[in-house]
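Some notes on the structure that comes next.
Values quoted throughout were computed directly from the atomic coordinates according to the rules given, and no laboratory measurement underlies them. Keep in mind it's a predicted model, so treat the numbers as computed, not measured. Methodologically, a virtual Cβ is constructed for each residue, glycine included, from the backbone with ideal geometry; neighbour enumeration extends over all protein chains shown.
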Amino acid sequence: MKKILICDHEQLFNNSLKKTFERQGFSVYYTSRLAEVIKHVLNDKFHVIVMNFDANNMDNIQTFHAIKMIDKDLPVIIIAERSESSSSLSFVINHAFRFFMKPVVFEEIKVSVYDAMSL
């Protein structure tokens, strides 16, 4: 069974994604805590991560780097809070599977997850 990990602080967004993908037969885990993302990636095999991202939050940047160090091929779909230009944000944009700015069209996330699953 394909596994998706979602990390976002917006409970409604998490629940919507979770319900959508569970109906499609995926196993979905979600958290609002970045520390749990790393723990999940270390202890389980995920096929894609959908992650909220704030370039001004060093924890977000460190978590993204940690994910890529653990599994450089794991697709990470980033949904960014802000559009500030920084070298960290540039790194994330270049290494993320897909990058979106909020507000995001739910269908685009869904299509991106399916694209990541087909790798």
Original post:
Along each of its three principal axes, how wide is the spread of alpha-carbon positions in segment 8-119, in whole angstrom units, largest first?
Top reply: 38, 31, 26
Original post:
For the residues VAL105, VAL41, VAL50, what sequence is obtained by ranking on other C-beta atoms within 10 Å, fewest first?
Top reply: VAL105, VAL41, VAL50
Subject >> Ellipticity estimate at 222 nm from DSSP helix runs (n ≥ 4, -39,500 (n - 2.57)) divided over the chain, nearest 500 >> reply: -14500 deg cm²/dmol
Original post:
Which pairs in the list LYS39/LYS102; LYS18/LYS45; LYS19/LYS68 are over 23 Å apart, alpha-carbon to alpha-carbon?
Top reply: LYS39/LYS102; LYS19/LYS68
